[in-house]
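The values are calculated or read from the model by the stated rules, or taken from the named source; none is laboratory data. Note that the structure is predicted; figures quoted are calculated from it, not measured. Don't worry about glycine lacking a Cβ; one is built from the backbone with ideal geometry, like all the others, and counts go over all protein chains shown.
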Amino acid sequence: MAFGMTRDVLRPTDSSRADRVTYVELFFDLVFVFALTQLSAYLYENQTPLGLLEGTIMVCALWWAWVSTTWVTNWLDPVKLPVRGAVVALAFVALLISVSIAEAFGDRAWTFAIAYVVLQVGRTGFIVWATARHAPKVSRDFALVLAWTVAGAALWIVGALLPLPWQLPLWALALGLELVGTLLGYPVPGRGRVLIGSWDLSGPHIAERTSLFVLIALGEGLLVTGFAFVEKESSPETIVAMATAFLAAAAMWWIYFDHGERIGSEAIEASDEPGRLARTAYTWIHLAIIAGVVLLSVGDKEALSHPHEHGFAVTLVVLGGPFLFLVGTVLFRRVLERRWARAQVAGLGALVVLGVIAAGTDALDTLVLSIAAVVILIGVAVGETVGRVRRGRRSGG
C-alpha cells in the first residue's frame, strides 16, 4: 500500500480559499493568548539576567511553534476535515505548552518539552504524510525538515531530564538547530536540501495570519495590564499608567497596520523567491516584533505596580519593548520596500537617547519613562502617516 493520505487536502489554488485565513486557524491562535499571558507574567516575576535568558528561550520556542504551524497551513486546507482535526489537536498540545511556561525551568520541564516535541514532530510528520501522494516535492522537503526536527526533539527531551545548568544550553541548542536548519535548507546527507526560495506560497495568507497574531499579542498586553489595574486602588499614577499602556498599544497598532501590514502580501506575490522573502520577513524579523510587544506588556505592568522605581532593569524593561518592536518594523519595511522608514529610525534613535539619559540620572522613574516612550511611539506613528500621505500625493495617489 502506497504511503500517504488518499484524500487530497492541499489548499485549492483556483478559489478564494487559497488565501483565506480559516476560523480553525484563529482558534489555534487563541491558545497563544494564554501562552503570551503566561510568558509576560514569567518575565515580570523574573527580571534577572537568568530570567531574561529563560524568557528569550520561551519566546523563541513559542514563536517557532506558531510560525511553523502557519507555514504548514499555507499548504494544507484547514476547511477539510483531516486538516481541521489536526489543527484542533495541535491547539490542545499548544495549551499544554502554555500551562507549563511558568515552571518550564522547574517542575514542569518534562511537560513543556514533551508537548513542544509532540507539536513540532507531529505537525511536520502530518504534512509529510498528507502530501506524499498529491505533492511529492512538498512531502520530500518536509521529510528533510522532519529529520532536523527529530534531532532537535532529542535535545529538548534530554534537556528536560537534566538540571538547569544543562537544561538551558541544551534547549538553546535545540532552538539554534531548528533556526540554522532554515538557513541551510535542512540538508540531509544523500537526500539534498530544501530550496526554500522556490516554495510557491500564498502571500496574502501568510501576511494576514501573521498580522492577526500581532493583533493577538497587542491584545494580550492590554489584557495583562487590565488585570493588574483592577487589582489595585485607583490613583493618579495607576490611571496614568493604564492610559499610557493603551496609547502604547494603539501607537504600535498604527505603526504596524497603517501601511506596513499591507505591503507584505504584495511583495511576496511579486517576488521571484517568495519562500525566501516570506522566511526573512515573517519567520525571522517578526520574532523581534512579537518579542517587543510581549516585553511592552511587562513594562506596562511594571509602571502600574512600581511607578517610582529606578535602575537599569526598569529602563531595560520599559524601553526594551518599544525598541525591539521598532527594530522589527524597520527591518520588515527594509526587506519589503528596500528603503529605511525614516520615522521609525528616528524613533529608535530617540529611545537610545532616552535610555542614556535614564542611565545617567534618577529623575526618570518607571512611569516617566513609560510616558516618554509612548510619546516617541506616537511621534513615529504620526511621522509614518504623514510620510505615507506625502508619498501618495507625489505619486498621484
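So here's what we get for this one:
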{"item": "Selected residue [assigned to a helix (DSSP H, G or I), modelled with pLDDT under 85, surrounded by 16 or more Cβ atoms within 10 Å (Cβ to Cβ) and charged (D, E, K, R)] from Glu261, Glu266", "result": "Glu261"}
{"item": "Evaluation of Ser98 against (1) hydroxyl-bearing (Ser, Thr, Tyr); (2) touching a residue at least 40 places away in the same chain (Cβ under 8 Å); (3) more than 15 Å from Phe112 (Cβ to Cβ) (one fails), failing number", "result": "(3)"}
{"item": "Contacts under 9 angstrom Cβ, first residue in the range 243-259 being assigned by TED's automatic domain parsing to the domain that holds Leu348 and in contact (Cβ under 8 Å) with a residue 24 or more places away in the chain, partner of a type in the set (Phe, Trp, Tyr) and buried (at least 22 other Cβ atoms within 10 Å of the Cβ), 6 or more apart", "result": "Met252/Phe325; Ile255/Phe325; Tyr256/Phe325; Tyr256/Phe332"}
{"item": "Meets criteria (assigned by TED's automatic domain parsing to the domain that holds Val72, in contact with a strand residue (DSSP E or B) (Cβ under 9 Å, 6 or more places away or on another chain) and farther than 20 Å from Ile101 by Cβ) for Val128", "result": "no"}
{"item": "Residues that are farther than 30 Å from Asn46 by Cα, of a type in the set (S, T, N, Q) and in contact with a Gly (Cβ under 6 Å, 6 or more places away or on another chain), drawn from the range 247-297", "result": "Ser265"}
{"item": "Those helices (runs of 4 or more DSSP H) lying entirely in the range 270-360 with at least 2 residues without any contact (Cβ under 8 Å) to a residue 40 or more places away in the chain", "result": "312-337, 342-360"}
{"item": "Matching residues in the range 156-184 - criterion: being touching a residue at least 12 places away in the same chain (Cβ under 8 Å) and touching a Lys or Arg at 6+ places or on another chain (Cβ under 7 Å)", "result": "Thr182"}
{"item": "Top-ranked residue in the range 295-324 [being over 19 Å from the mean Cα position of the chain (by Cα) and among the hydroxyl-bearing types (Ser, Thr, Tyr); ranked as surrounded by the fewest Cβ atoms within 10 Å (Cβ to Cβ)]", "result": "Ser305"}
{"item": "From the options Leu62, Leu50, Leu26, residue that is without any contact (Cβ under 8 Å) to a residue 40 or more places away in the chain, surrounded by fewer than 17 Cβ atoms within 10 Å (Cβ to Cβ) and either hydrophobic (A, V, I, L, M, F, W, C) or not in a loop (DSSP other than H, G, I, E, B) (or both)", "result": "Leu50"}
{"item": "Criterion: hydrophobic (A, V, I, L, M, F, W, C), out of contact with any Leu (no Cβ under 8 Å at 6 or more places or on another chain) and part of a loop (DSSP other than H, G, I, E, B) - qualifying residue of Leu183, Leu175, Leu201, Leu144", "result": "Leu201"}
{"item": "Selection status of Ala358, small (Gly, Ala, Ser), assigned by TED's automatic domain parsing to the domain that holds His306 and in contact with a helix residue (DSSP H, G or I) (Cβ under 7 Å, 6 or more places away or on another chain)", "result": "yes"}
{"item": "Qualifying position, being under 21 Å from the mean Cα position of the chain (by Cα), of a type in the set (A, V, I, L, M), assigned by TED's automatic domain parsing to the domain that holds Leu162 and at pLDDT 95 or above, among Ala102, Ala115, Ala65, Ala86", "result": "Ala115"}
{"item": "Matching option when the condition is farther than 16 Å from Phe325 by Cα, buried (at least 16 other Cβ atoms within 10 Å of the Cβ), assigned by TED's automatic domain parsing to the domain that holds Glu273 and under 22 Å from the mean Cα position of the chain (by Cα), among Val224, Val214, Val240", "result": "Val224"}
{"item": "Glu233, sole failed condition from (1) outside the structural domain of Val24 (by TED's automatic domain parsing); (2) in a helix (DSSP H, G or I)", "result": "(2)"}
